[in-house]
Amino acid sequence: MAMKDGKRVYTFGNGQAEGRADMRNELGGKGANLAEMNLIGVPVPPGFTITTDVCNEYYEIGHDKVVALIKDEVERSLKHIENLTNQKFGDAENPLLLSVRSGARASMPGMMDTILNLGLNDTVVEGLAKKTGNPRFAYDAYRRFVQMYGDVVMELKPASKEEIDPFEEIIEKVKEEKGVNTDNELETEDLKKLVKLFKDAILERTGKQFPDDPIEQLWGAICAVFDSWMNERAILYRKMEGIPQEWGTAVTVMAMVFGNMGETSATGVCFSRNAATGENVFNGEWLVNAQGEDVVAGIRTPQQITLAGSRHWADLQGISEEERATKYPSMEEAMPDMYKELDALQTKLEEHYRDMQDMEFTVQEGKLWFLQTRNGKRTGAAMVKIAMDLLREGNIDEKTAIKRCEPLKLDELLHPVFNKETLNQAKELTRGLPASPGAACGQIVFFADDAEKWHHDGHKVILVRLETSPEDLAGMAEAEGILTARGGMTSHAAVVARGMGKCCVSGAGAVNVDYKKRIIEIDGQILKEGEYISLNGTNGHVYKGEIPTQAAELSDDFAALMDLCSKYTHLQVRTNADTPHDAEVASRFGAVGIGLCRTEHMFFDNEKIIAMREMILAEDAEGRERALAKLLPYQKEDFKGLFRAMNGYPVNVRLLDPPLHEFVPHDTLGQQTMADQMGVSVETIKQRVESLSEHNPMLGHRGCRLGNTFPEITAMQTRAILMAACELKKEGFDPHPEIMVPLVGNVHEFENQERVIRAEAAKVFAEQGLEITFKVGTMIEIPRAALTADKIATHAEYFSFGTNDLTQMTFGYSRDDIASFLPVYLEKKILKVDPFQVLDQKGVGQLINMAVEKGRSVRPELKCGICGEHGGEPSSVKFCHKAGLNYVSCSPFRVPIARLAAAQAAVEE
Ligand code: PEP
Ligand code: MG
């Protein structure tokens, strides 16, 4: 990295600032907003912010060089604070104390470090005591400083995770000796003693002397904040939130204001609206005579800021009104003037930022200061409500309301959710991939048929499998959730679960499944069949025991947001659905058609699988036709259900795609059952199963290779689709069938299939005395299909990009086997994201762009869509918009997400 010239430190204070709100990239969110608050007349203690670039330089050139690089600017800025406060850092008579705080571009609450009350030593503390006339306060500040600095900078930590904080241990001992219960009962002499004991403990356990020189303290703290950018929880949080490491953190150094100077001082945290529900109600917590960390640390019970909030809180706690008013009064009651000012300023801040604000404040002897403001984190429900309320209130326009909502967070509104309070006490067992969102808990079962049985007996179950196969479908449908040890985000379990809107955690590698003993083992812990576990499919966490869930309710605001999306969107959103139920769910969410019906999912019902297996067992075309004739009526009924559910909208049915071996049992018991059902010997079954086995089934006899070798399958499916359409048309419905040929890589593969389809169609229409308009199209999921799209489009009437296979074949990564290397690739940053989740725009995207262009060069009206899993992933949807696709198709519960992402793509243009 080349050293940049220019400014690295930005000052603020007294209504002036060198930075602004829109400089969050350089100053971090906290630094930028502190500058902005100065500019709009919100009282903020003076200070300065060291830029995020310096953080990167710190990691590039190291501690000493960075200190040398910014020394002059920091010293000058420190003078600036001294001038504005009329105090001097390190002075024995009139000392200035500082806070040193982190702040990245995106807010990372609690992930990095902060040091308060910096600049004290044995001499300075005496000056502070004299100046304030409050020795207890001075020594309280001193012991807080040594404690925080000792923890954060000098790293005196608990020896093991079982041990309590060493500083708290000392405080407890001193309180015990004195016979008091709370910190506030400690007197000046006790606090003095604590400082000494803290310093001794630091020396003894770290071998380092506590620094007395305030300047040395300042540099120690600044560098500690930079160091905290790379602490474990910050790294993990960045990973979860997709925050790049290169962003770095800024460091803000500010004059301290004290909420712990007695009964006219206080500190608190507040929100301009409710972050959980989105309600437009000012709320927050505060404490008299305290510093910021007291509110969040949970040592003292924080009180509510508003009277209404306080009464509600007391209600929940079962505290009487009298006790509440005397012991836990609201700020509105205890400091009415301060409260009025706070309320006016929080309103001002929300109006200025036009979004819900999360603020920190301190009252020092009757004077209110703001220490921070940021756009508050919120739940999905709150996100939608706040955006739509702000729109109605005239604070933001429609396009801004659309942009304010994060597509993926809509998920939280659609699936059952864990009860937050109980979740905090739950024991996390392990983590897997967040394959399908939502919350689920139930008793462990290992087999699909058990899942069905237990469910019918009234149990809630979680189906735990090494991996799932299509045969598990019925069991999956009956389970509350699915946990697999193997498989990625496009594994069968994940795709199917998402389609069902069913919670699923896949690829949880630490789970060892022992089917024989019917147990799982996770890091030495054994869980048996019937024991309760809970899954959070939204983040992949797995918990022991039963965590209660609550159903999500769709609000009017959600509906209003969706309407707003439609107003701006060009890209249509269809759904991937194999059952009328899925189609209805998707339709309620606003899907305008089915973009992919995977017909194979229809073959697993008892009767159907028998006919299917008969077909597989058949020796010749005639035998196959006999078996297919049995399947025909089932298929026809299935399609009728879909056409009905999507009346008036296109329904794109894909011809049979998976290799036939997926339809036969691989275990002895299953093979015996099949032999009995078919009236043949087990040997015959075994032989057939063996003959179907392939070295690489994903590249084997599947897709249109099935239809091209067994055209009778294509003919039967075409007949079922078009008969269903004809019959419904006669009943007054308006079906729009589309017939799709999968896995085409060569135009002749398509031509052959098209011929079979058209010939069968002509027969059906003649028999029915009725013609239905239908389209024949293809999937583009093999790179060669994209490369030769102009040839294919001379025949195909539409393209649907199957980006699951297209990703698989472009990368050469088996979609079912990525679990073994993907985590390492992500860890080592060989890949930034899982390409099966987020469309690889550089590689796979190029193929899509090329195919669209080539296809439309010979057929300008060529309809193009996507039906791989990426069709419901926001950044991929935005890509599809730019690529000029006509629609995206995704699982039902992703439809609102895709609609929002599509609208955002349109308004961002
Ligand atoms: C695809 O490959 O993207 C696709 C939609 O088909 P499937 O996932 O069924 O292979
Ligand atoms: Mg495919």
- Item | Checking LEU847 against (1) assigned to a helix (DSSP H, G or I); (2) away from ligand 1 (no atom under 13 Å from the Cβ); (3) open to solvent by 10 Å² or more (accessible area, probe 1.4 Å); (4) not small (Gly, Ala, Ser), the condition it does not meet | (2)
- Filter region 414-463 for residues that are touching a Pro at 6+ places or on another chain (Cβ under 9 Å) and part of a loop (DSSP other than H, G, I, E, B); the one that is nearest to PHE558 (Cα to Cα) is HIS415
- Message: Tell me the residue from ASP212, ASP140 that is touching a residue at least 40 places away in the same chain (Cβ under 8 Å) and assigned to a loop (DSSP other than H, G, I, E, B), please.
- Response: ASP212
- Message: Restricting to region 218-242, name every residue that is within 32 Å of the chain's Cα centre (by Cα), open to solvent by less than 20 Å² (accessible area, probe 1.4 Å) and of a type outside the set (Lys, Arg).
- Response: ILE222, CYS223, ALA224, VAL225, PHE226, SER228, TRP229, ALA234
- Task: Scan the helices (runs of 4 or more DSSP H) fully inside region 640-729 and keep the ones with 2 or more residues being of a type in the set (A, V, I, L, M) and surrounded by fewer than 17 Cβ atoms within 10 Å (Cβ to Cβ).
- Result: 668-678
- Query: Is it true that GLN687 is modelled with pLDDT under 95, farther than 20 Å from ASP620 by Cα and not small (Gly, Ala, Ser)?
  - Reply: no
- Query: What helices (runs of 4 or more DSSP H) lie completely within region 752-828 and have 2 or more residues being within 16 Å of ligand 2 (Cβ to nearest atom), in contact with a helix residue (DSSP H, G or I) (Cβ under 8 Å, 6 or more places away or on another chain) and β-branched (Val, Ile, Thr)?
  - Reply: 803-811
- Message: Looking for something in a helix (DSSP H, G or I), open to solvent by 10 Å² or more (accessible area, probe 1.4 Å), hydrophobic (A, V, I, L, M, F, W, C) and more than 16 Å from ligand 1 (Cβ to nearest atom) - is there at least one such residue anywhere in region 587-608?
- Response: no
- Note on the structure: By residue number, the members of region 23-67 that are open to solvent by 20 Å² or more (accessible area, probe 1.4 Å) and part of a loop (DSSP other than H, G, I, E, B) are ILE40, GLY41, PRO43, GLY62
- If you check VAL542 against the conditions, is it β-branched (Val, Ile, Thr) and open to solvent by 10 Å² or more (accessible area, probe 1.4 Å)? no
- Task: Output the residue which, of all residues in region 793-823 that are of a type in the set (Asp, Glu) and at pLDDT 95 or above, is nearest to ligand 1 (Cβ to nearest atom).
- Result: ASP805
- Out of GLU622, GLU637, GLU600, which single residue is among the acidic types (Asp, Glu) and in contact with a Leu (Cβ under 7 Å, 6 or more places away or on another chain)? GLU600
- Quick one: in region 339-362, which of the residues that are more than 20 Å from MET254 (Cβ to Cβ) and among the aliphatic types (A, V, I, L, M) is surrounded by the fewest Cβ atoms within 10 Å (Cβ to Cβ)? ALA344
- Query: Among the residues of region 411-425, which ones are open to solvent by 40 Å² or more (accessible area, probe 1.4 Å) and acidic (Asp, Glu)?
  - Reply: GLU412, GLU421
- Query: Just to be sure, is ALA510 of a type in the set (A, V, I, L, M, F, W, C), open to solvent by less than 50 Å² (accessible area, probe 1.4 Å) and under 21 Å from the mean Cα position of the chain (by Cα)?
  - Reply: no
- Note on the structure: By residue number, the members of region 609-639 that are open to solvent by 40 Å² or more (accessible area, probe 1.4 Å) and either among the β-branched types (Val, Ile, Thr) or touching a Cys at 6+ places or on another chain (Cβ under 8 Å) (or both) are ILE610
- Could you look through region 517-529, keep only residues that are within 14 Å of ARG465 (Cβ to Cβ) and in a loop (DSSP other than H, G, I, E, B), and pick out the one that is nearest to the chain's Cα centre (by Cα)? GLU529
- Unique residue being touching a residue at least 60 places away in the same chain (Cβ under 8 Å) and either more than 26 Å from GLU187 (Cα to Cα) or open to solvent by 50 Å² or more (accessible area, probe 1.4 Å) (or both) when the list is THR267, THR249: THR249
- Item | Single match in ARG899, ARG856 (criterion: over 18 Å from ASN652 (Cβ atoms) and either within 16 Å of ligand 2 (Cβ to nearest atom) or open to solvent by less than 40 Å² (accessible area, probe 1.4 Å) (or both)) | ARG899
- Note on GLN837: of the conditions (1) in contact (Cβ under 8 Å) with a residue 60 or more places away in the chain; (2) closer than 22 Å to THR778 by Cα, unmet is (2)
- Query: Which of the residues that make up region 859-894 are away from ligand 1 (no atom under 16 Å from the Cβ) and surrounded by 24 or more Cβ atoms within 10 Å (Cβ to Cβ)?
  - Reply: PHE893
- Query: Considering only region 749-768, how many residues are of a type outside the set (Val, Ile, Thr), without any contact (Cβ under 8 Å) to a residue 60 or more places away in the chain and in contact with a Cys (Cβ under 9 Å, 6 or more places away or on another chain)?
  - Reply: 6
- Item | Any chance ARG392 is under 30 Å from PHE836 (Cα atoms) and open to solvent by 60 Å² or more (accessible area, probe 1.4 Å) | no
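The values are calculated or read from the model by the stated rules, or taken from the named source; none is laboratory data. All of these numbers come straight from a predicted model, not from anything done at the bench. Counting neighbours? That spans all protein chains shown, and the Cβs are built from the backbone with ideal geometry, glycine included. Note: accessible area is taken over every heavy atom of the protein model, side chains too, but ligands, DNA and RNA are not part of it. Shrake-Rupley method; radii C 1.70, N 1.55, O 1.52, S 1.80 Å.
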